[in-house]
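S.K.: Sending over a structure as structure tokens; questions will come in a sec.
The values are calculated or read from the model by the stated rules, or taken from the named source; none is laboratory data. Bear in mind that the values here come from a model prediction, so they are computed numbers and not experimental data. Positions of Cβ are generated from backbone atoms using ideal geometry, with glycine treated the same way; all protein chains shown enter the neighbour counts.
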Amino acid sequence: MRYAVVDLGSNTIRMTIYDQINDDLKCILNQKEYIGIIEYKKNGILTENGVIRIIETLKSFLNISQTVSTDNFCCFATASLRDVKNSKSIIKRVKNETGIKINIISGGDEARLDFLGSYSDLDFNEGLIIDMGGGSTEIIRFQNCNISNLVSMPIGSLFLYKKYVNEIIPNKREIKSIKSYVKKQIINIEWLPNSCDKVCLIGGTARAMARLHQELFSRQKENLQGYTFDAKDIKLLLDTIIPTERDGIKILTRICPERVHTLIPGLIAFSKILKASGCKTITISKNGVREGYLSEYILKCKNTL
């Protein structure tokens, strides 16, 4: 059976196609479009141009999935549509024009699916999983294969850039503002301080950070899946990029051009969260909410037979 799952995120819309072989899922295709849906939000409403971009992208993805003979096509949205006032009319219009049903998942469900999709990749059974997207961040604390605590917060790399940064690299005042905002969001998470030694980071911001780390530490040949490094290295990444603004922009443009504006705000937020958690080691997983969502989708399909 061949499945296509579309993650309609605040920064990107990504489609991944999998073949189900027995109980395993094998990725055969990845397709993404950098839409930046947050850019189309005005007073809590997604503009007409934003809706058109979503519909055009989904039509393109649907055509690709049909070309490779996909059996099932599913689509979900996270913070991109979660707090949009006109989300119901958008869902209805997308359904009418494309035949695709968008399922908007809550922040809590996103965190739970992050765990479901990434936990099996880890070589440790206690710690945190953190998923930073363009519009929100989910933190999951787990012990012995079970979720102990979870939270979803309005901390996203694109959100932070839009809210606080005027140029490409944030200045000292903007950095201070980002740190202050993140601190206010995490200060009441009672279970976060000194909660772990090991953290798994997932999502596009985390993968871009890992590519930057590979470049600066000459580890380009290593696989991103399972890539591990010291948590204190995040400060080194920031200290390399921010003071040398022009050279820093060149590095970001070469390594992750699609995230040249959003990676540094994301790194600043990660640094605050990870410092609070007390973690020492970071591991990157390429799996996450899409794999978790698809696993549940397949299970529901089986139960309806």
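S.K.: Given the condition over 23 Å from the mean Cα position of the chain (by Cα), hydrophobic (A, V, I, L, M, F, W, C), modelled with pLDDT of 95 or more and more than 18 Å from Tyr40 (Cβ to Cβ), answer yes or no: does some residue in the stretch 75-82 qualify? Before you say what the answer is, go through the steps one by one.
M.R.: Narrowing the stretch 75-82 to residues over 23 Å from the mean Cα position of the chain (by Cα): none.
No, because not a single residue in the stretch 75-82 is over 23 Å from the mean Cα position of the chain (by Cα), hydrophobic (A, V, I, L, M, F, W, C), modelled with pLDDT of 95 or more and more than 18 Å from Tyr40 (Cβ to Cβ).
S.K.: When both residues are 6+ apart or on different chains and their Cβ atoms are under 8 Å apart, which pairs have a first residue that lies in the stretch 142-167 and is in the same structural domain as Ala79 (by TED's automatic domain parsing), and a second that is of a type in the set (Gly, Ala, Ser) and outside any strand (DSSP E or B)?
M.R.: So the pair list comes out empty.
S.K.: Just the residues that are in a loop (DSSP other than H, G, I, E, B) and crowded, with 20+ Cβ neighbours inside 10 Å, please, taken from the stretch 141-164. Spell out the reasoning first.
M.R.: As a first pass, look at the stretch 141-164 and keep what is in a loop (DSSP other than H, G, I, E, B): 144-145, 154-156.
Answer for the stretch 141-164, where residues must be in a loop (DSSP other than H, G, I, E, B) and crowded, with 20+ Cβ neighbours inside 10 Å: Ile155, Gly156.
S.K.: Scan the stretch 74-127 residue by residue and report those that are among the charged types (D, E, K, R), touching a residue at least 12 places away in the same chain (Cβ under 8 Å) and not in a loop (DSSP other than H, G, I, E, B).
M.R.: Correct list: Arg82, Arg93, Glu97, Glu110, Arg112, Asp114, Asp121, Glu126.
S.K.: Please enumerate the residues belonging to the stretch 201-246 that are among the charged types (D, E, K, R) and either without any contact (Cβ under 8 Å) to a residue 60 or more places away in the chain or in contact with a Cys (Cβ under 9 Å, 6 or more places away or on another chain) (or both). Spell out the reasoning first.
M.R.: Taking the stretch 201-246 first, the residues among the charged types (D, E, K, R) are 207, 211, 215, 219, 221-222, 230, 232-233, 235, 239, 245-246.
Once the filter is applied, which keeps residues that are among the charged types (D, E, K, R) and either without any contact (Cβ under 8 Å) to a residue 60 or more places away in the chain or in contact with a Cys (Cβ under 9 Å, 6 or more places away or on another chain) (or both), the stretch 201-246 yields Arg207, Arg211, Glu215, Arg219, Lys221, Glu222, Asp230, Lys232, Asp233, Lys235, Asp239, Arg246.
S.K.: Return the residues of the stretch 17-66 that are surrounded by 20 or more Cβ atoms within 10 Å (Cβ to Cβ), in contact (Cβ under 8 Å) with a residue 60 or more places away in the chain and in a helix (DSSP H, G or I); say none if nothing qualifies.
M.R.: Scanning the stretch 17-66 gives Ile37, Ile38, Ser65.
S.K.: For the stretch 187-194, indicate whether the set of residues that are more than 19 Å from the chain's Cα centre (by Cα) and either assigned by TED's automatic domain parsing to the domain that holds Thr78 or in a helix (DSSP H, G or I) (or both) is non-empty. Step through it out loud before you land on a result.
M.R.: Initially, the stretch 187-194 is screened for residues more than 19 Å from the chain's Cα centre (by Cα), giving 187-194.
Restricting the remaining residues to those that are either assigned by TED's automatic domain parsing to the domain that holds Thr78 or in a helix (DSSP H, G or I) (or both) gives none.
No: zero hits.
S.K.: Based on this model, can you work out whether Gly117 counts as assigned by TED's automatic domain parsing to the domain that holds Asn146, surrounded by 18 or more Cβ atoms within 10 Å (Cβ to Cβ), in contact with a helix residue (DSSP H, G or I) (Cβ under 6 Å, 6 or more places away or on another chain) and closer than 18 Å to Gly9 by Cβ? Quick ask: steps written out before the conclusion?
M.R.: Numbers: assigned by TED's automatic domain parsing to the domain that holds Asn146: yes; surrounded by 18 or more Cβ atoms within 10 Å (Cβ to Cβ): yes; in contact with a helix residue (DSSP H, G or I) (Cβ under 6 Å, 6 or more places away or on another chain): yes; closer than 18 Å to Gly9 by Cβ: yes.
Criteria met by Gly117.
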